[in-house]
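Heads up: the structure comes next, in structure tokens.
The values are calculated or read from the model by the stated rules, or taken from the named source; none is laboratory data. This is a predicted model, so every value here is computed, not measured. Here the Cβ positions follow ideal geometry from the backbone for every residue, glycine too, while neighbour counts run over all protein chains shown. Note: areas computed on protein heavy atoms with side chains; ligands, DNA, RNA excluded. Shrake-Rupley method; radii C 1.70, N 1.55, O 1.52, S 1.80 Å.
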Amino acid sequence: MKTSIVIIDDHQLFREGVKRILDFESSFEVVAEGDDGDEALALVQAHNPDVVIMDINMPNINGVEATRQLIDANPNTKVIILSIHDDESYVTHALKSGANGYLLKEMDADSLVEAVKVVADGGSYLHPKVTHNLVKEFRRLSADGQANGAGMVQTIEIRRPLHILTRRECEVLQLLADGKSNRGIGDALYISEKTVKNHVSNILQKMNVNDRTQAVVVAIKNGWVEVK
């Protein structure tokens, strides 16, 4: 069965571009489009889509509030927020509202397609740059919690997970934490995007996580990657 999708964005040209990308994927079907949060709620009621791709900044009801209302009324619908903001406060508000994904509008086509597939399968997906910012904030809060009375922060020793990952996979995991896209990882390591995708798939399987965001969170908690 195809993944049914509703696109909500008040910029028609951008919305059409997103639809054109999704239409190339045979397993996707864009069933409706809308301009604002009010229309999003009505379209979800009418079409019961698997995934809603929603702009965060819209007139009337913004994307975060629309997501909150949408999830309350339709708990099974999954939402990916689109935004120009990579600040962790925007991401946090979006995730608290019930969103399953957060993409920056600077995303490439592969990231959009991957995000829809991951979210439709029950996972979560954050734009690599957003993931990096969240990891930095997580590291800062962890460091604050480890500070002693003199205000000194304990140094966290980076221990590569060579007991479960190959050296190349450790390099890919570090670049994921650095906020690199698949293309960026390929450029950094001089390998193809297809090879990068294979490495990421192996990493997820070996770490027993559902998506790259979870992989980075687990890695930072275990001290397997350096947050720059």
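What to note about this one:
- Computed E for residue 167/residue 23 - FRET, C-beta separation, R0 35 angstrom, nearest 0.05: 0.30
- Highest mean packing first, where packing is the average number of other Cβ atoms within 10 Å per residue, the peptides 36-46, 63-73 line up as 63-73, 36-46.
- Cα pair count fraction exceeding 15 Å, expressed as % - segment 3-54: 38 percent
- For the residue pairs 105/206; 96/117; 129/221; 78/105; 19/221, alpha carbon separations beyond 28 Å are given by 105/206; 19/221.
- About the centre of its Cα atoms, the chain shows a dipole size close to 1240 debye [charges on the beta carbon of Lys, Arg (+1) and Asp, Glu (-1) only; nearest 20 debye].
- Pairs of Cα atoms farther than 28 Å apart, the chain, %: 34 percent
- Projected over all directions and averaged, the alpha-carbon convex hull of segment 1-105 occupies 5.9 nm².
- Between residue 210 and residue 88, residue separation times 0.36 nm minus the direct Cα-Cα distance comes to 41.8 nm.
- Working ranking of peptides 185-198, 202-215, 93-106 by packing, defined as the average number of other Cβ atoms within 10 Å per residue, highest first, is 93-106, 202-215, 185-198.
- With the simple spin-label model, which puts each label point 7 Å out from Cα in the Cβ direction, the residue 46 to residue 183 separation comes to 3.5 nm.
- Cα lying deepest toward the dipole's positive end in the chain, options 37, 128, 200, charges on Cβ: 200
- Magnitude of the charge dipole, segment 1-131, Cβ model with Lys/Arg +1 and Asp/Glu -1, debye to 20: 320 debye
- Segment 34-90-segment 183-213 distance, computed between alpha-carbon centres (Å): 29 Å
- Computed over protein heavy atoms with a 1.4 Å probe, the carbon and sulfur contribution to the accessible area of the chain reaches 48%.
- Placing unit charges on the Cβ atoms of the charged side chains and taking the dipole of the chain about its Cα centre, the candidate lying farthest along the positive direction among 60, 164, 111 is 164.
- Binned Cα-Cα distances of segment 31-85, short to long, each 5 Å bin given as a whole percent: 5, 23, 37, 25, 8, 2, 0
- Under the convention that each Lys and Arg Cβ holds +1 and each Asp and Glu Cβ holds -1, the size of the dipole of segment 85-129 around its Cα centre is about 180 debye.
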